[in-house]
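Peer 1: Below is the structure I would like to discuss, written out as structure tokens.
Read-outs throughout are calculated quantities, based only on the coordinates presented, and are distinct from any laboratory measurement. Please read all numbers here as calculations on a predicted model, not as lab measurements. Please note: Cβ atoms are built from the backbone with ideal geometry, for glycine as well, and neighbour counts cover all protein chains shown.
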């Protein structure tokens, strides 16, 4: 796919930094970020002015080859995008806005200069879209696997920040968008990789991805829900907010643990789109399990009072009520379509359990 | 060495976070850091109040198994210390003070819960000593190598920040401490590992490390030079400042490139202690090459006017004049003990070149 393959050892770490600096030194629509950056990636550390009166929000998330991504079906441009966006999503869950980022890459020998440029092109596209500047990081060699570790600094007014500990019994528990599509997309990618590995004549191989495009997109290039978090920040008061990185079930447990509450989630309320249902059917699996345990959705799970929900409902069509926050003593219940109540399994996608 | 070996998969990512949270939630002497931390490691992101009027300093540095460290001779406690301190050193080079940090770990299966606790004990000891709070990060599995990626946020008054671009022709170029000991220590560790691997009866093996303790300490548990940077901040005006992570030669080139100047460095001025000279002699190598190209010193290289140097000289004995900043046209010269002038090789420790 790459036209050229320049070994990083041919230009060294500092040569590589020069090659990527044009990709990260972008001009943003919100020029205050450019103006308040005093020193970017060309010194020991980056220096910037915080916005007076605002608090800083710091988050780090890493993507590791073999654990979070497979380069046989993940383009470097998508990897760069996703590494930024999973961090932006954490900032969205706190109702902040991203400002500055540091990107640390650990690169095995197979990764060329051109591949690193592809990755930064994707990272930079995400930064341009969601107003963030890459101002630092580290680039090192790696013996085996590739690793992308990103730290993002965001800002918010202190009273606007939302936490997973903010839920109160009686509130609705809601989610943005649809769930399950990310893991559904991953399953398609893995199936095509499997098919590809079994074919002897490569000319015969035509990957069958087109019909699944929206699910693949959800997996490869997720979007942080700043559209929803900006409503929370300016128009509607919410309780707890968390982003769905490990799966709905795991995040419900996090909100309940953080807030000291229980919850009741109704199976028939979980928003799963028709493509995800179709993919689950192809694998003879449950689309609801995809939603509960799949993860990597980057939708927002939140709690809200009835009165505030009525306001929210007039501002967006893209949220669903899943159930209610309850007293802690009631536990965390999952009510099946047939009305039977069971305990919601806490399991999410834990890479330590599955390795 | 470890008494217990609990597999991380037995307690999962969230169980691991609970086990380490006591190690990172420390009370600092400077309690303003504790007081201004609004949310630590238990939410999507950390939230803190910046100090009004100060600028923020952001730096990231990673340590990768097989590239930067070898677990056969690096204790996890030392690794945790060093991962923090190499970032603190970047903050010192900007004349800032550390505030908050995010630690991202990527852990292969061989790493137990107890080993992660050891690592955090070392990181926490560094944080306690140099006043920083770990407030976030990410913990993931890894297929092969271990990785520690740290981001530190520091603060300074805007006018106090020092850059590598601040050197002017005519200034002295100086360095703190002594050079070459870190790579000398590493060579001893590698030699003992080699000896160990060749011995058939393990009872016969007694590592010979005691006589080299100061060099090993310099390599395994380096100290950031906040003692020197606080003098720069409060008492003495300096030009350019950079920390020596890649080797003296490489850092001189960075200052010259950043400031648009040249330099003359005198071989006989390079401070190398007697232990480093002894170790270099054991390997029939040049101690000056250790100083020029060894790296991982975490001393401060800086430029300063004659008048300010006179002030500095009364405040510390631990700095040496290496030479002079010159006009750019003069290039970057290295004057040998015999008086011959050569161009200073730009080479430092570039892990992409040596892998």
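Peer 1: Could you work out the mean count of beta carbons from other protein chains within 10 Å of each residue's beta carbon in B:99-105? Present the calculation step by step, with values, prior to reporting the outcome.
Peer 2: Details: counts 1, 2, 3, 9, 1, 9, 2.
Per residue, the number of nearby Cβ atoms from other chains is 4 on average.
Peer 1: Which whole number gives the average, over all residues in A:35-43, of C-beta atoms from other chains lying within 10 Å of the residue C-beta? Write down the numbers at each step before the final one.
Peer 2: Details: counts 0, 2, 0, 6, 8, 0, 0, 6, 15.
Other-chain Cβ atoms within 10 Å of each residue's Cβ, averaged: 4.
Peer 1: Neighbouring Cβ atoms within 10 Å as the yardstick, rank A:120, A:290, A:266 fewest first. Could you put the intermediate results ahead of the total?
Peer 2: Working: A:120 24, A:290 29, A:266 17.
Ranked by crowding around the Cβ, least crowded first: A:266, A:120, A:290.
Peer 1: Please list the radius of gyration and Dmax for the protein assembly as shown, considering alpha-carbon atoms only, with Å as the unit.
Peer 2: Cα radius of gyration and Dmax of the protein assembly as shown are 26.7, 91 Å respectively.
Peer 1: Quick one: if you stick a label point 7 Å off each Cα along the C-beta vector at residue B:159 and residue A:227, how many nm between them?
Peer 2: Computed distance between label sites residue B:159 and residue A:227 equals 4.8 nm.
Peer 1: Nearest 0.05, what FRET efficiency do residue B:71 and residue B:206 give at R0 = 25 Å with Cβ-Cβ as r?
Peer 2: The value I calculate is 0.75.
Peer 1: Next question, about the same structure. Would you mind estimating how fast segment B:1-70 diffuses translationally, via Stokes-Einstein at 4 °C and 1.567 mPa s with the Kirkwood radius over Cα pairs, in µm²/s?
Peer 2: Details: Rh = 15.8 Å.
Rounded to a whole number, D works out at 82 µm²/s.
Peer 1: Given Cα positions, please report Rg to Rh for segment A:172-354, the hydrodynamic radius being the Kirkwood one. Could the numbers behind the result be given before it?
Peer 2: Numbers: Rg = 17.9 Å, Rh = 17.4 Å.
Radius of gyration relative to Kirkwood radius: 1.03.
Peer 1: Which whole-number percentage describes the relative contact order of chain A, with Cα contacts under 8 Å and a sequence gap of 6 or more? Walk me through the intermediate numbers first.
Peer 2: Details: 735 pairs, mean separation 73.4, N = 355.
Rounded, it is 21 percent for chain A.
Peer 1: Further question: Could the peptides B:194-204, B:85-95 be put in order, highest first, of the mean number of other beta-carbon atoms found within 10 Å of their residues? If you can, show how the numbers build up before the last one.
Peer 2: Working: B:194-204: 8.7, B:85-95: 28.5.
Answer by packing, highest mean first, reads B:85-95, B:194-204.
Peer 1: At a 10 angstrom cut-off on C-beta neighbours, averaged per residue, how do the peptides A:48-55, A:309-316, A:254-261 rank from highest to lowest? List each step's numbers first, then the result.
Peer 2: Numbers: A:48-55: 17.2, A:309-316: 13.8, A:254-261: 20.4.
By packing density, highest mean first, the sequence is A:254-261, A:48-55, A:309-316.
Peer 1: Using 7 Å Cα-to-Cβ label points, what is the residue A:22/residue B:31 separation (nm, one decimal)?
Peer 2: 5.4
Peer 1: Further, regarding this structure: Treating the point 7 Å from Cα along Cα-beta-carbon as the label, what are the nm separations from residue A:205 to the other copies, to one decimal?
Peer 2: 4.4
Peer 1: If each label sits 7 angstrom from Cα along the C-beta direction, how far apart, in nm, is residue B:235 from its counterparts in the other copies?
Peer 2: The answer, with the shortest distance listed first, is 5.9 nm.
Peer 1: Roughly speaking, what is the centre-to-centre gap between segment B:1-76 and segment A:56-72 when only Cα atoms are used, to the nearest Å?
Peer 2: Between the Cα centre of segment B:1-76 and that of segment A:56-72, the gap is 17 Å.
Peer 1: Can you list, shortest first in nanometers, how far residue A:336 lies from the same residue in the other copies, with each label 7 Å from Cα toward Cβ?
Peer 2: 8.5
Peer 1: For segment B:8-160, what is the Kirkwood hydrodynamic radius in Å, using each pair of distinct C-alpha atoms? Intermediate results must be reported in sequence, preceding the final value.
Peer 2: Numbers: mean 1/r = 0.0636 Å⁻¹.
By the Kirkwood definition, the hydrodynamic radius is 15.7 Å.
Peer 1: Taking Cα centroids, how far is segment B:126-184 from segment A:258-291 in Å?
Peer 2: Measuring centre to centre over Cα atoms gives 45 Å.
Peer 1: Please work out how much length the chain gains when fully extended from residue A:283 to residue A:314, using 0.36 nm per residue of separation minus the C-alpha to C-alpha distance, in nm with one decimal.
Peer 2: On the way: separation 31, 0.36 × 31 = 11.16 nm, distance 3.75 nm.
Once the chain is fully extended between residue A:283 and residue A:314, it gains 7.4 nm.
Peer 1: Would you mind estimating how fast chain A diffuses translationally, via Stokes-Einstein at 25 °C and 0.890 mPa s with the Kirkwood radius over Cα pairs, in µm²/s? Don't skip to the answer; put the middle values down first.
Peer 2: Details: Rh = 21.6 Å.
Once the numbers are plugged in, D ends up at 114 µm²/s.
Peer 1: For peptide A:63-75, compute the average count of partner chain beta-carbon atoms within 10 Å of each residue's beta-carbon. Don't skip to the end; give the middle numbers.
Peer 2: Details: counts 3, 11, 4, 4, 5, 2, 0, 0, 0, 0, 0, 0, 0.
Mean inter-chain Cβ contacts per residue within 10 Å come to 2.
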